[in-house]
1. Of all residues in the range 59-89, which are β-branched (Val, Ile, Thr) and more than 19 Å from VAL24 (Cα to Cα)?
2. So how many residues does the range 35-76 have that are among the small types (Gly, Ala, Ser) and surrounded by 15 or more Cβ atoms within 10 Å (Cβ to Cβ)?
3. Suppose the filter is under 20 Å from ILE18 (Cα atoms) and touching a residue at least 40 places away in the same chain (Cβ under 8 Å); does VAL37 pass it?
4. Only one residue in LEU88, LEU72, LEU54 is free of Cβ contacts under 8 Å to residues at least 12 places away in the same chain and either under 16 Å from VAL17 (Cα atoms) or touching a Pro at 6+ places or on another chain (Cβ under 8 Å) (or both), so which one is that?
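Readers should treat all values here as calculations from the given coordinates under stated rules, not as data from a laboratory. Everything numeric in this text was worked out from a predicted model, so none of it was measured. Glycine gets a Cβ as well: all are built from the backbone with ideal geometry, and neighbour counts include every protein chain shown.
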Amino acid sequence: MMDYKTKRHLGYYLGLVIVLLAGVLLISQTLHDLNLVMGVTIFMSAFYVGWALLHHFIHHDIHAKIVVEYVLIGMLGISAVYFTLFLLK
């Protein structure tokens with residue numbers, strides 16, 4: 001069973017998962033164009049950070065620590081894709 005907190009945030013989770021899965025699908029279809037892959041990756045990262053910060057803002061629990069954490073995770077994702085593509089070239 002889902003607890004109250006999970007049910008309360010289910011819409012946010014589903015929206016995030018749908019957009020990120022669409023991004024992964026787009027990346028898998030455009031692997032021939034590495035610039036497009038990086039563009040989609042940057043968009044996905046920016047969406048992830050923006051979505052998370054909006055969620056915390058709406059629920060009145062946004063703090064500098066949370067902002068830094070989400071930005072660093074987004075940058076880590078971009079870096080992982082960039083260096084993976086660099087190694088595959």
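1. ILE62, ILE66, VAL67, VAL68, VAL71 - these are the residues of the range 59-89 that are β-branched (Val, Ile, Thr) and more than 19 Å from VAL24 (Cα to Cα).
2. Here the count works out to 3.
3. Criteria met by VAL37.
4. The match here is LEU54.
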